[in-house]
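Peer 1: Quick one: structure below, then a few questions.
The values are calculated or read from the model by the stated rules, or taken from the named source; none is laboratory data. Owing to the predicted nature of the structure, the values given are computational and were not obtained by experimental measurement. FYI the Cβ positions are ideal-geometry reconstructions off the backbone, even for glycines, and counts take in every protein chain you see.
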Amino acid sequence: MQIVRRPLAPGEMNHELIWLSVSSGGLAVAATWLALNLPWPICLFHALTGRPCLTCGATRSALAFFHAHFLAAFEWNPLAFLVYCALTLFNVYAFAVVVTRVPRLRIIRLTPSERKFVRGSAIALLTLNWAYLLLANPSL
């Protein structure tokens with residue numbers, strides 16, 4: 001794997017602007033949803049099995065995260081908390097490079113073994129998170 005820093009090439013897709021817009025739009029929709037006091041989404045998996053799904057607690061984790069209750073956010077759903085932290089860091093980076101037009105970071109040349117490692121790590125994180133949710137919240 002190689003990480004390079006280079007300017008945006010002519011005609012290259014501006015991933016930072018796209019994903020910053022998607023993230024900001026999602027945040028605006030979520031804030032509007034909560035401000036209008038609309039009903040919470042219902043988890044079909046939880047309704048059918050009585051067990052927490054892979055993302056159970058993610059909404060409560062997000063609310064705690066945006067109120068700066070980071071320990072509570074982590075306890076509701078550790079993986080969601082890590083995603084919110086990573087998304088915050090990416091948004092700061094994306095905003096900075098879009099505004100200042102500095103060179104962008106790009107990951108290039110992932111070997112097949114590195115790709116396999118990334119996939120395995122993602123599966124392991126999801127599995128560990130679900131195990132935590134099942135053990136920490138048996139009443140959910």
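Peer 1: Can you run down the residue pairs with Cβ atoms below 8 Å, 6 or more apart or on separate chains, where the first is in the range 22-37 and closer than 14 Å to L63 by Cα and the partner is small (G, A, S)?
Peer 2: Within 8 Å, the pairs are A30/A62.
Peer 1: I need the full set of residues from the range 2-30 which are aliphatic (A, V, I, L, M), surrounded by 11 or more Cβ atoms within 10 Å (Cβ to Cβ) and within 23 Å of A96 (Cβ to Cβ), in order please.
Peer 2: Passing the criteria: V4, L8, L17, I18, L20, L27.
Peer 1: Moving to a separate point now. Need pairs with beta-carbon distance below 8 Å; first residue under 18 Å from L27 (Cβ atoms) and within the range 64-77, second surrounded by fewer than 18 Cβ atoms within 10 Å (Cβ to Cβ) and aromatic (F, W, Y); sequence gap 6+ or separate chains.
Peer 2: Within 8 Å, the pairs are A64/F70.
Peer 1: Against the conditions (1) of a type in the set (V, I, T); (2) modelled with pLDDT of 95 or more; (3) under 20 Å from T127 (Cβ atoms), where does T88 fall short? Just the number, please.
Peer 2: (3)
Peer 1: Consider E114 carefully, then state whether it is closer than 28 Å to V4 by Cβ, touching a residue at least 24 places away in the same chain (Cβ under 8 Å) and acidic (D, E).
Peer 2: It is true that E114 is closer than 28 Å to V4 by Cβ, touching a residue at least 24 places away in the same chain (Cβ under 8 Å) and acidic (D, E).
Peer 1: State all residues of the range 1-25 that are closer than 28 Å to I108 by Cβ and part of a helix (DSSP H, G or I); if no residue qualifies, say none.
Peer 2: H15, E16, L17, I18, W19, L20, S21, V22, S23, S24, listed by residue number.
Peer 1: Go through (1) of a type in the set (A, V, I, L, M, F, W, C); (2) within 18 Å of the chain's Cα centre (by Cα); (3) over 29 Å from Y93 (Cβ atoms) one by one and return the number of the condition F65 breaks.
Peer 2: Only one criterion in (1) of a type in the set (A, V, I, L, M, F, W, C); (2) within 18 Å of the chain's Cα centre (by Cα); (3) over 29 Å from Y93 (Cβ atoms) is unmet by F65, namely (3).
Peer 1: Hey, another quick one. Between V83, V102, which is modelled with pLDDT of 95 or more and among the aliphatic types (A, V, I, L, M)?
Peer 2: Within the list V83, V102, the selection yields V83.
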